[in-house]
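Undergrad: Quick one: this structure, given as structure tokens, is what I'll be asking you about.
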Amino acid sequence: MYDLSKVVVTSSPHIKSDEDTRSVMFDVIIALLPALAVAFYTFGARALVITCAAVIACVLGEYLYCRAVGREPTIGDCSAVVTGLLLAYNVPVTAPIWMPVLGGLFAIIIVKMLFGGIGKNFINPAIGGRAFMMACWPALMTAFVNPHTSMSPIGSTADVVTSATPLAALKTGTLADVTLLDMLLGQTGGVIGETCALALIAGGIYLLVRKVITINIPAAYILTVAVLTFLFPMGGQPRLEWMLSQVLSGGLMLGAIFMATDYATSPVTPKGQVIFGVGCGLLTVFIRYFGGLPEGVSYSIMIMNALVWAIDAYTHPRKFGYPAKAAKKEAQG
């Protein structure tokens, strides 16, 4: 006979795992390092300086906020480090050092901590920080240079000659004057972390192997952009080359793999994740084709972040034995 007095009843969940927020964030940091290595090779030491400035601003901002409101500091989970890395990857190497610092403080304090901290923000903090910088300093956020341009690591870049990115050419309905291989290897102009599609794909594969993310959102997002741009090329351009240029250029890989998959701001169900990815892809192509800016990844993800609650409500699995009409009525509210 069993001694029932020794049975301990606890609340769910009953399945335990050695993984925690810190270990997941470490995996994301590792996955982001190949893109940083390529950025250092392509843009020089200034890329590392801007990245360090953004990371320090995010970590320090979270620490000071927690102290100011009397909360235990939460910087140990390393989520602020990931936000800093992603924010820096969305900044051109010509940006003044103070800009990613202010962007990092906005991302952490306004977008993340004021909504309750990790897991409670309704948009990705790094995307919020990028949108803030784009709204405040659009000229600085679109000042790009050619690869291997000599720049001071910490000084002014006012005398640096700026150049167009592949997306700027695509916006006019023409193909960029760089090869698809250059786009794949990151030898083009652009922000720090978006140029090398191969490094970002390698990081995405690592996250898939580690089961940090699933394939649903990245695949739905990238395939939607690929299908639409293949079917509807601008300027009579060759379909395949136009589609590959759209997929490999800009922030599509960075956004689809690392920002659209944020746990707190993406749907929880597989069906909802596919809907989310398709929505991001549709909006990205719409903005690229008809919007005033050549890129639409960040704004597309932000818009879909705001719709996650509705996607989750309508894709939530029906309880076993629960009538479909009752489930629909419950979802509606």
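The values are calculated or read from the model by the stated rules, or taken from the named source; none is laboratory data. What you are looking at is a predicted structure, and each value in this text was computed from that prediction instead of being measured. Every residue, glycine as well, gets a Cβ built from its backbone with ideal geometry; the counts of neighbours run over all protein chains shown. Calculation scope for accessible area: heavy atoms of the full protein, side chains included, ligands and nucleic acids excluded. Shrake-Rupley method; radii C 1.70, N 1.55, O 1.52, S 1.80 Å.
Undergrad: Carbon and sulfur atoms: what percent of the 1.4 Å accessible area of the chain do they account for?
TA: 69 percent
Undergrad: DSSP loop trypsin sites (Lys or Arg not before Pro) in region 205-291 with at most 10 other Cβ atoms within 10 Å of their Cβ, which ones?
TA: Taking region 205-291 and a limit of 10 other Cβ atoms within 10 Å, the loop trypsin sites (Lys or Arg not before Pro) found are Lys211.
Undergrad: Mind giving me the FRET efficiency for Asp20 and Trp137? R0 is 45 Å, r the Cβ-Cβ distance, nearest 0.05 is fine. Numbers along the way, then the final one.
TA: Details: r = 37 Å, r/R0 = 0.82.
Once rounded, the FRET efficiency stands at 0.75.
Undergrad: In nm, give the distance between the simple-model label positions of Ser152 and Phe230, each being 7 Å from the Cα along the Cα-to-Cβ direction.
TA: The answer from the label model is 4.9 nm.
Undergrad: At 7 Å along Cα-to-Cβ for each site, give me the label-to-label distance between Leu223 and Cys52 in nm.
TA: 4.3 nm
Undergrad: Still on this structure, I have one more. State the extension gain, in nm to one decimal, for the chain segment bounded by Arg239 and Arg67, taking 0.36 nm per residue of separation less the distance between their alpha-carbons.
TA: Separation in residues times 0.36 nm, less the Cα-Cα distance, equals 56.4 nm.
Undergrad: Turning to a different aspect of this structure: Where only protein heavy atoms count, and the probe is 1.4 Å, what is the accessible area per residue for region 17-140 in Å²?
TA: In whole numbers, region 17-140 has 40 Å² accessible per residue.
Undergrad: Could you list which residues have their amide H under 5 Å from that of Phe144, counting only those 5 or more apart in sequence or on another chain, with H placed in the peptide plane?
TA: Ser163
Undergrad: What angle, in degrees between 0 and 90 and rounded to the nearest 10, separates the Cα long axis of helix 125-136 from the longest principal axis of the Cα atoms of the chain?
TA: The helix 125-136 is inclined about 40 degrees to the chain.
Undergrad: Nearest 10 degrees is fine. How inclined is helix 79-89 to the longest principal axis of the chain, computing both from alpha carbons?
TA: Helix 79-89 sits roughly 20 degrees off the main axis of the chain.
Undergrad: Right, next: Here are a few candidate values for Cα extents along the principal axes in Å: (i) 88, 53, 46; (ii) 70, 49, 30; (iii) 80, 48, 35. Which one was actually calculated from the structure I just gave you?
TA: (iii)
Undergrad: Please report the net charge: other residues with Cβ closer than 13 Å to the Cβ of Thr188, K and R +1, D and E -1.
TA: Summing Lys/Arg as +1 and Asp/Glu as -1 gives -3.
Undergrad: What is the packing order of peptides 259-267, 197-205, taking the mean over residues of other C-beta atoms within 10 Å and listing the highest first?
TA: Numbers: 259-267: 23.1, 197-205: 20.1.
My ranking of the peptides, most packed first, is 259-267, 197-205.
Undergrad: Only helical DSSP H runs with n ≥ 4 go in: add -39500 (n - 2.57) per run for the chain, normalise by residue count and round the 222 nm mean residue ellipticity to 500 deg cm²/dmol.
TA: Helix-only estimate at 222 nm: -17000 deg cm²/dmol.
Undergrad: Turning to a different aspect of this structure: Computed FRET efficiency, Cβ-Cβ of Ala45 and Ala313, R0 56 Å: what is it to the nearest 0.05?
TA: 0.70
Undergrad: Same structure again: Want the number for Asp159 to Ala202: 0.36 nm per residue separation, take away the alpha-carbon distance, what's left?
TA: 12.0 nm
Undergrad: Under a 1.4 Å probe, what is the accessible area of region 208-286 per residue, stated in Å²?
TA: With all protein chains present, region 208-286 gives 41 Å² per residue.
Undergrad: Sorted by average packing, counted as other Cβ atoms within 10 angstrom per residue and highest first, what order do 146-153, 105-112, 60-67 take?
TA: Going by the mean number of other Cβ atoms within 10 Å, highest first, we get 105-112, 60-67, 146-153.
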